[in-house]
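Engineer: After the structure tokens below, expect a handful of questions from me.
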Amino acid sequence: MISVLGSQSQVKIPASIISSMGLREGDKFEIFEDNGMIRMIPVVVYPEDYISKINDEVSNLKENIKAGRQPVFNSVDALFNSLEDE
């Protein structure tokens, strides 16, 4: 399919691609030039506070591992049960 570059630098993505990739209005993309080709990679953008919370959790986990306080689980089910109890 041939698309036309619109007046506001917009290009229509064929419906078959939208459908096959499960894309929706509002999805975000990283767009870059690669050896004469334009590449669009769907991305997920998380809010800064979410990323901050994840970083805090990772820091706490590293501290617990270093101090020997990280619990050990015998199965994935035991891990999930522990998480549900929190």
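Engineer: State whether one or more residues within segment 28-48 are acidic (D, E), in contact with a strand residue (DSSP E or B) (Cβ under 8 Å, 6 or more places away or on another chain) and over 25 Å from Q70 (Cβ atoms).
Structural biologist: yes
Engineer: When only residues in segment 16-49 that are exposed (fewer than 10 other Cβ atoms within 10 Å of the Cβ) and assigned to a helix (DSSP H, G or I) count, which is nearest to the chain's Cα centre (by Cα)?
Structural biologist: So, considering only residues that are exposed (fewer than 10 other Cβ atoms within 10 Å of the Cβ) and assigned to a helix (DSSP H, G or I), the one nearest to the chain's Cα centre (by Cα) is E48.
Engineer: Residue check, G68 against (1) modelled with pLDDT under 90; (2) among the small types (G, A, S); (3) within 30 Å of S3 (Cβ to Cβ), all met but one. Which one?
Structural biologist: (3)
Engineer: Could you list, in sequence order, the residues of segment 2-13 that are hydrophobic (A, V, I, L, M, F, W, C) and either closer than 16 Å to P42 by Cα or in contact with a helix residue (DSSP H, G or I) (Cβ under 6 Å, 6 or more places away or on another chain) (or both)? Break it down stepwise before answering.
Structural biologist: In the first step, residues of segment 2-13 are kept if they are hydrophobic (A, V, I, L, M, F, W, C); the result is 2, 4-5, 11, 13.
Residues satisfying the conditions are V11, I13.
Engineer: Within segment 64-79, identify whether any single residue is surrounded by 10 or more Cβ atoms within 10 Å (Cβ to Cβ), among the β-branched types (V, I, T) and more than 17 Å from the chain's Cα centre (by Cα), and answer yes or no.
Structural biologist: Yes, segment 64-79 contains a residue that is surrounded by 10 or more Cβ atoms within 10 Å (Cβ to Cβ), among the β-branched types (V, I, T) and more than 17 Å from the chain's Cα centre (by Cα).
Engineer: For segment 14-33, name all the residues that are of a type outside the set (G, A, S) and over 18 Å from V44 (Cβ atoms). Give the derivation first.
Structural biologist: In the first step, residues of segment 14-33 are kept if they are of a type outside the set (G, A, S); the result is 14, 17-18, 21, 23-25, 27-33.
Within segment 14-33, P14, I17, E33 qualify.
The values are calculated or read from the model by the stated rules, or taken from the named source; none is laboratory data. If you're wondering where the values come from, they're calculated on a predicted model, not measured in any experiment. Every residue, glycine among them, receives a Cβ derived from its backbone with ideal geometry; neighbour counts consider all protein chains shown.
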